[in-house]
Amino acid sequence: MQTPQQNTLEINPIRLWETLGVSATIGPGISSGLSRLALSDDDKQMRNQFVAWCEAAGCTVSFDAVGNIFARRDGTDPTLSPVMIGSHLDTQIAGGRYDGILGVLSGLEVVRTLNDLGIETKRPIEVVSWTNEEGVRFQPPMMGAGAFCGIHDTDWVLSQEDENGCVFGEELQRIGYAGARTVDLKNIDSYFELHIEQGPILDDEGIHVGIVTGGYTSFGAEVLIKGENAHSGPTPMRDRKDALVAASIIIAEVNKVGWDYEPLGRTTCARLEVSPNKYGIIADHAKVTIDVRHPDATVAREMYQSALSLLPVASKQSRTDLEVIKEWSFGDVSFSDDLINLIRTVSADINVSHKHMLSAAGHDAYHLSKAVPTAMIFTPCLDGVTHNEGEHIEPDYTIPGVNVLLNSVVRRANS
Ligand code: HGY
Ligand code: MN
Ligand code: MN
């Protein structure tokens with residue numbers, strides 16, 4: 001096998017686009033996107049397809065206790081720790097074809113290209129698909145990567161339930177991805193994640209690669225509200241304990257916090273559960289999820305405290321009892337200067353336009369960065385549209401970033 005001629009490696013764009021095309025048929029959404037929720041039958045089908053592709057490319061595939069999938073291409077020196085390339089194959093409920101998926105299948109394309117060119121690397125290369133990055137069925141997001149990096153206890157993850165009472169660990173068993181692979185975090189050389197930007201900057205500026213230097217800090221919380229059922233007619237307003245009113249106050253007030261910290265502050269209460277949610281009866285149960293974000297970790301925490309300070313107000317106005325039953329945070333990341341410099345050098349060497357930038361969306365790389373030298377490569381998405389079935393990318397402005405990934409990984413894997 002030949003040693004790599006650095007700077008000249010290029011992926012097979014047609015094969016990558018065909019592979020993305022197959023993924024786009026698994027767990028289709030209502031229009032042009034995907035609705036491939038973690039641990040669903042569609043997720044199982046996509047996982048099986050990904051494993052088959054990796055095995056056909058000569059990789060050894062394993063998965064761990066929360067279903068993270070690892071596809072390993074051996075290096076010439078098995079004593080060296082691997083270079084990882086990863087992202088996620090699960091999607092939002094009204095998701096696009098590329099969020100996460102482009103990163104995993106670009107990792108597969110790197111392996112396929114090295115096979116085509118007969119190139120061996122000193123270090124092993126591992127392509128990884130992390131379980132439940134989106135956190136749609138099971139909160140919080142980035143759960144698989146979080147368990148892998150010790151941020152979430154594995155048993156806690158396996159015990160989480162979705163809104164229908166399905167248990168994570170049982171769903172994982174059902175789809176056949178409850179694995180045994182254990183990985184020593186200290187035995188990973190580096191982690192690269194290629195991801196669509198999920199914002200308009202690269203598309204607006206016509207730049208092909210975003211070198212991610214950091215990420216917004218996010219705080220999340222799930223608030224359980226207990227009220228009392230009553231008739232919506234005879235019951236005087238002063239006697240009501242209306243859980244939906246409490247949730248509505250929280251949603252409106254949390255939104256105001258976002259506006260108070262415009263333009264960089266972001267707040268959302270995207271998820272609301274109400275019961276019985278029927279005509280004529282006061283809601284006795286509600287659950288609302290708070291999502292607060294800001295590029296400055298201190299300001300994000302300040303915004304989050306403002307949001308939490310609203311809870312007693314909502315409780316008093318609605319005469320209900322509130323409890324924060326789950327909290328999480330991600331972001332405030334520090335990606336590896338060595339890898340950032342490597343990606344910038346490779347981008348310049350192979351003439352790909354590039355710029356440093358922050359990520360406003362959360363990614364599995366956020367958790368990896370706490371334990372392993374980590375970097376992210378962004379590629380443009382049309383008008384920044386994402387978490388929307390209209391998410392769209394084109395080869396001409398995507399392939400350059402995948403080639404930057406390929407050449408960066410090879411250089412690192414031979415360092
Ligand atoms: O929440 C996020 O930012 C990610 O898309 N899961
Ligand atoms: Mn993603
Ligand atoms: Mn996403």
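Observations
- Taking the longest Cα principal axis of the chain as reference, the axis of helix 337-349 is set at about 60 degrees.
- Enclosed volume per residue, in Å³, of the convex hull spanned by Cα atoms of segment 89-237: 220
- Alpha-carbon centroids, segment 160-222 and segment 352-415: separation in whole Å: 13
- Size descriptors for the chain: radius of gyration and Dmax over Cα atoms are 22.5, 83 Å.
- P(r) tail fraction, segment 168-241 - alpha-carbon pairs more than 18 Å apart, %: 76
- Candidate lysines for bridging to K316, where Cα separation is under 22 Å - those fewer than 8 sequence places away on the same chain excluded: K226, K241, K256, K287, K326
- Think of it this way: in the chain, C149, C166, C269, C381 stand alone, with no other Cys Cβ under 4.7 Å.
- Percent of C-alpha pairs per 10 Å bin in segment 38-83, short distances first: 25, 47, 22, 6.
- Seen from all directions on average, segment 168-320 presents a Cα convex hull projection of 14.6 nm².
- The order of S40, S232, going from fewest to most other C-beta atoms within 10 Å of their C-beta, is S232, S40.
- The largest-to-smallest principal axis extents of the Cα set in segment 271-394 are 67, 33, 21 Å.
- Calculated [θ] (222 nm, deg cm²/dmol) that DSSP helices of n ≥ 4 give over the chain, each run adding -39,500 (n - 2.57): -10500 deg cm²/dmol
- Each of F148, F70 was scored by other Cβ atoms within 10 Å of its Cβ. Arranged with the fewest first, they read F70, F148.
- Nearest 10 degrees, 0 to 90: helix 101-117 Cα axis against the chain principal axis: 10
Throughout, read-outs are computed from the coordinates displayed, never taken from laboratory work. Being a predicted model, the structure only gives us computed values, none of them experimental. Cβ sites come from the backbone with ideal geometry, for glycine too, and all protein chains shown count toward neighbours.
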